[in-house]
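So the structure is just underneath, and the comments pick up after that.
The values are calculated or read from the model by the stated rules, or taken from the named source; none is laboratory data. This is a predicted model, so every value here is computed, not measured. Note: ideal-geometry Cβ built from the backbone for every residue, glycine included; neighbour counts use all protein chains shown. Only protein heavy atoms, including side chains, enter the accessible area calculation; ligands, DNA and RNA are left aside. Shrake-Rupley method; radii C 1.70, N 1.55, O 1.52, S 1.80 Å.
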Amino acid sequence: MNRGVAIWRCVKCRTGFFPQRLLCSRCHGDTFEEDRVYEAMVEEISTIRHMLGQTDWQPRRIASVRTSDGQQITVGLTDESEPGTVIELFEENAAPFGAAKK
Amino acid sequence: MHANAAIIGVGQSAYTRRPQPGQSTHTFIRDAVVAALADAEIDPREVDGMAVASFSLAPDAAIDLAWKLGLSLRWLVQDSNGGSSAMNMLGHALRAVETGAASVILVTGGDATGLGGYAKVAANFNIVTQLHLAPLGHGGPNGVYALVTSRQMKTYGLQKSDYGHLAIAQRAWAAHNPYAVYRTPMTMEDYLAAPLVADPLSRYDCVPVVAGAQAIVIAHPDRCPDGRASVRVRAHRASFNYDNQEGDGLQTGISTFAGELWRAAGIGPEDIDVASIYDDYPTMVLAQLNDLGMIPGSDLARFVRHNIAERRFPLNTWGGMLSAGQPGGPAGGLNGISEAVLQLQHRAGARQVEHARLAVTTGYGMTLYRYGGTAAAAVLERLE
């Protein structure tokens, strides 16, 4: 588990992206540097109660969040955070997760 | 205006939730192709063009399908734009007939993934899904559109029951479609009592995966069978990656071309008699209708309670994918086009909309990350 979530910042115009892009959609710059964001605000949540092809599925929570840098990303929620909660971000491999800031 | 190309025949296979041994994507497509050619009164030897889209044709490609169908062609397209593949292929086929690249084109799509196969497609839809969504247990498109639905409810003041009006109205239409997998009338009590799948989406908000296929035939309007009105496309527009996934998903790519579409068609949204709007989720039906300018004042709540609940607007008159089933996005989109053709040819039987002359059809799909990235729409007209 890594603290924060990797984003990719355009070297030319400084816009940060998640997921990674090939060209910047703002200035079409082709060089990015990796950066990290650590906090986000929960905007919408859902509980995934059923998964096709799974018989022993345990409900999981996901959320659409806006990071402190402005990206709107989808994360797995590991606690009972509700919309409006500020969460701390972390990632497992390349997957973003979050839980309420302590 | 596509004056020299028309949709002259439509056909489909049976739809089933669980394909049996011996049934495959290929056999469903074959059944749809045979039905469409019979409907168009076209000999297979006359077909010189084909477009196909499917999530489960691989490792075969379009050329393998042409070979296995015994079709020798001079125009061949394979489309990979999911829910807007059907609309995309329609546009390519119209232009191909008009420019002489081919004279009789089969446009087909089908899938038979089974439920387990569909789950694999959903978890591996693109690299972003594999890396950033599937490991969350996001539930495939259900999870993605659950979040979009919450956003739409908040933005437009919609209630859960508002989506129910749409699902219930489409189920009522499906009762008259012998191919629909769900035809039993649904009440609001049924809708609201259905188990949640991905809050706030419940069972009847999520398109049921089926196996099946659809096909349509494009040729010069003169090739339309005697005694049947041919169906011409007044205007067709498409959009791909319209906002780089930087919006809220409550608009679709249709918003980028709707005005141009209506101007090219020479009519307005108020002139439409029947609509086939791509319905993987009720949320996206409302979003597309709004983008088309078909919801006065963008008052989604009033529209669904007044126009849909009270059956004032003929929408997805075959039951839509929500009741008929979704045999993959490509064939699901073709089903909407086929239904519009049947309606405009006054061949829709018990679900016929009286005096239908103009229809709008749409496609929407390819969930890139937070919502779909492809959309297309066409205005269809009955030629007397």
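Tell me, which cysteines of the protein assembly as shown are without a disulfide-compatible partner by the Cβ under 4.7 Å rule?
B:C206, B:C224 - these cysteines have no disulfide-compatible partner (Cβ-Cβ under 4.7 Å) in the protein assembly as shown.
If you take each beta carbon of peptide B:139-148 and count the beta carbons of other chains within 10 angstrom, what is the mean?
Details: counts 12, 4, 0, 6, 7, 4, 1, 7, 9, 3.
Shielding by partners across B:139-148 averages 5.
Quick one: Cα centre-to-centre distance for the range A:68-84 and the range B:115-189, in angstrom?
Distance between centres, Cα-based: 22 Å.
Near B:K120, which aspartates and glutamates are there with a Cα under 19 Å away, not counting those fewer than 8 places off in the same chain?
Those aspartates and glutamates meeting the cut-off are A:D56, B:D60, B:D111, B:D280.
Within the accessible area of the protein assembly as shown, what % is carbon and sulfur when the probe is 1.4 Å and the other protein chains stay in place?
50
Taking the solvent-accessible surface of protein heavy atoms with a 1.4 Å probe, what is the per residue accessible area of chain B in Å²?
Ligands and nucleic acids excluded, the figure is 35 Å² per residue.
Evaluate peptide A:39-49: per residue, the Cβ atoms of other protein chains within 10 Å of its Cβ; return the mean as an integer.
Averaged over the peptide's residues, the number is 6.
Tell me: how much accessible area in total is hidden between B and A, 1.4 Å probe, Å², nearest 100? Walk me through the intermediate numbers first.
Details: alone 14600 and 6670 Å², together 18770 Å².
Buried area between the two chains comes out at roughly 2500 Å².
Report, as an integer, the average count of C-beta atoms from other chains found within 10 Å of each Cβ along A:74-82.
2
If you take every residue apart from B:D205 with its C-beta less than 15 Å away from the C-beta of B:D205, what net charge results, scoring Lys and Arg +1 and Asp and Glu -1?
Once all neighbours under 15 Å are counted, the net charge is 0.
Cut-off under 18 Å on the C-alpha distance; same-chain residues fewer than 8 positions from A:K12 excluded. Which aspartates and glutamates are left, in chain and number order?
Reachable aspartates and glutamates: A:D30, A:E33, A:E34, A:D35, A:D69.
For A:K102, which aspartates and glutamates qualify as cross-link partners when the Cα separation must be under 19 Å and same-chain residues fewer than eight apart are set aside?
Leaving aside aspartates and glutamates fewer than 8 places away in the same chain, those within reach of A:K102 are A:E39, A:E43, A:D79, A:E80, A:E82, A:E88, A:E91.
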